[in-house]
Amino acid sequence: MDTLEEVNHVTVITPLLILLLISLLIRRQYRQPDYSHIPTVGPSRFPFYFIGAFQFLFNARGQLEKGYKRHGHAPFKVADFRRWHVVVSGPRLLEELKNAPEDEIAFVDAHTCPGLSTSREYAAELSTKLTRNLPVVFPEIREELLAALADVIPSAPLVHSGAPDVQDAVGWTSVPVADTLVEVVSRVCSRAILGPQLCRTADLTALSKAYIRSTATRSAMRAVLPEGLFSYVTSLFFGVSWRARRLRKSLERIIRQWQEKPPKRPQEDSRDLLSSLLSSPSPRDTSTALLALTLQAVPSCTLTLTDALYRLAACDELAIRAMRGEVEGAVRGEGWTLRALERMGSVDAFMREGLRAGGLRALTMRRTTLTPHTLADGTPLPPGTSLSALCIPPPPSLVSAPASDALEGPRYALTTASPTFLAWGLGHGACPGRFVAGAVIKLVLAQVVLGFDVRFPAGGAFLEGRWCGLEGVPDLRGRVEVRRRWRV
């Protein structure tokens, strides 16, 4: 009898839940602004546009490439489970988006870490301070890089770069790419931000690993869940929020202790960003902003370098020799300095092309319209429109000439934000920490190129990443083999 009642309850409740879900979807549909005048990639009518939302969730790059090929520089829209995204491209519309006043088209911060809420203005201010301090702290950054590489890559016999083929099997060590790089990058970035006493904190590395490992799932959930529910689920399942809060409280306590009794440290150990902020009236705000800055720098640099190391392992030997020779020449002439990094044009080009052709972001310059707005091509946008710029390379058929900035000198090419290279955004919304991130990425890659041989294990090949929502994620479980080299 009880079983029969349970079955009856299920047969009654299930249809009611389905009807409730359908009614919510219909209500949402009728409350959405009218975007019927904007071309669509995929189905555009309710409820069939959810088919396009599924396609966009798991193949955002393919959907956007299809839209670009079909509509060129005209705006088009794609659906996720929360909203329509209006996508723009081309110099005219990008320039309009770049210069739009924030009281009409507001900036959307899509890279906040759950548990670490800070203002974009304060984060940009700290990034500017860090950039200005970079020449001073750079020697310590490289020192930490060498120490980190020595710790995470097991010792093996050094192999002379001219060793004969018979010694090809000597000295190789298999390493997990993402796990190795997150420890290295976490320590390098934190050395510049938090200083030598805090950069090797195990909790900081654990937080970075948890954040990176959950990138794909968080991106997919962000496309489906409301913002409040997204933060709750992230905190509950991925260990990001509680780790961040615990680390923030620990850092806040250290700042208060140092304010009361400044530590006795050598002058060279006081060049980090934290040391310049000990007089801050709000240790809580300072600790939150510093950790938020760290959690923006470490994952982006780690994922970019993971993809770069896979491409390096698949790279032609002649290209690697040319890159290695340029690094050696720059270091011989300038030492390990920022000026030497500026002379490494082939390293710069290697990274820039990787970001351009296989970048880890589908859309950039994310904005929301606050008032009715008409784009330069005459397309009207109602308030509340999600507006973004295309951040993937155009199909070859739509490229009529080489990108002008590709012909510029190597000095600032990697960190230059331009309409033809949107990896860092554009205009006042461009990533303010891109100069520090670019220096860290080039330094790590140059050190690996100069100090190690890299290859895939036997039978291995280039590891393709995957797309989840708007984020591209390289293979986080891939491995490569490395061996140390004699420098000649």
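The values are calculated or read from the model by the stated rules, or taken from the named source; none is laboratory data. For clarity, every value in this text was computed on a predicted model and none was experimentally measured. So basically every Cβ, Gly included, is an ideal-geometry build from the backbone, and we count neighbours across all protein chains shown. Heavy atoms of the whole protein, side chains included, go into the accessibility calculation; ligands, DNA and RNA do not. Shrake-Rupley method; radii C 1.70, N 1.55, O 1.52, S 1.80 Å.
Computed values, structure above
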item: Given (1) modelled with pLDDT of 70 or more; (2) more than 26 Å from Ser127 (Cα to Cα); (3) open to solvent by 30 Å² or more (accessible area, probe 1.4 Å), number of the condition Pro226 does not satisfy; result: (1)
item: Residue list for the stretch 39-70, restricted to those being farther than 19 Å from Ser219 by Cα and not in a helix (DSSP H, G or I); result: Pro39, Thr40, Val41, Gly42, Pro43, Ser44, Arg45, Phe46, Pro47, Phe48
item: Pairs, first under 20 Å from Thr288 (Cβ atoms) in the stretch 127-139, second at pLDDT below 90 and surrounded by fewer than 17 Cβ atoms within 10 Å (Cβ to Cβ), C-beta under 7 Å, six or more apart; result: Lys129/Ser276
item: Candidates Lys69, Lys77, Lys98, Lys129 - the one that is of a type outside the set (Asp, Glu), modelled with pLDDT of 90 or more and open to solvent by 40 Å² or more (accessible area, probe 1.4 Å); result: Lys69
item: Tally, over the stretch 286-333, of residues that are open to solvent by less than 10 Å² (accessible area, probe 1.4 Å) and charged (D, E, K, R); result: 0
item: Residue that is modelled with the highest pLDDT, among those in the stretch 391-400 that are out of contact with any Asp or Glu (no Cβ under 8 Å at 6 or more places or on another chain) and surrounded by 17 or more Cβ atoms within 10 Å (Cβ to Cβ); result: Cys391
item: Meets criteria (at pLDDT below 75, out of contact with any Ser or Thr (no Cβ under 7 Å at 6 or more places or on another chain), more than 17 Å from Ala292 (Cβ to Cβ) and buried (at least 16 other Cβ atoms within 10 Å of the Cβ)) for Arg271; result: yes
item: Condition met for Phe452 (open to solvent by 20 Å² or more (accessible area, probe 1.4 Å) and hydrophobic (A, V, I, L, M, F, W, C)); result: no
item: Counted residues, the stretch 71-100 - those being outside any helix (DSSP H, G or I) and among the basic types (Lys, Arg); result: 3
item: Leading residue by the ranking (most open to solvent (accessible area, probe 1.4 Å)) among those in the stretch 355-390 that are of a type in the set (Val, Ile, Thr) and in a strand (DSSP E or B); result: Thr374
item: Single unsatisfied condition, Ser36 versus (1) modelled with pLDDT under 90; (2) open to solvent by 50 Å² or more (accessible area, probe 1.4 Å); (3) assigned to a helix (DSSP H, G or I); result: (3)
item: Within the stretch 404-488, strands (runs of 3 or more DSSP E) holding 3 or more residues that are more than 28 Å from Arg366 (Cβ to Cβ), out of contact with any Pro (no Cβ under 9 Å at 6 or more places or on another chain) and modelled with pLDDT of 90 or more; result: 452-455
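This table checks each residue for (1) surrounded by fewer than 18 Cβ atoms within 10 Å (Cβ to Cβ); (2) at pLDDT below 90; (3) out of contact with any strand residue (DSSP E or B) (no Cβ under 8 Å at 6 or more places or on another chain); (4) closer than 13 Å to Leu291 by Cβ.
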site: Ala178; (1), (2), (3), (4): no, no, yes, no
site: Glu183; (1), (2), (3), (4): no, no, yes, no
site: Cys189; (1), (2), (3), (4): no, no, yes, yes
site: Asp203; (1), (2), (3), (4): yes, yes, yes, yes
site: Leu207; (1), (2), (3), (4): no, yes, yes, yes
site: Arg213; (1), (2), (3), (4): no, yes, yes, no
site: Ala216; (1), (2), (3), (4): no, yes, no, no
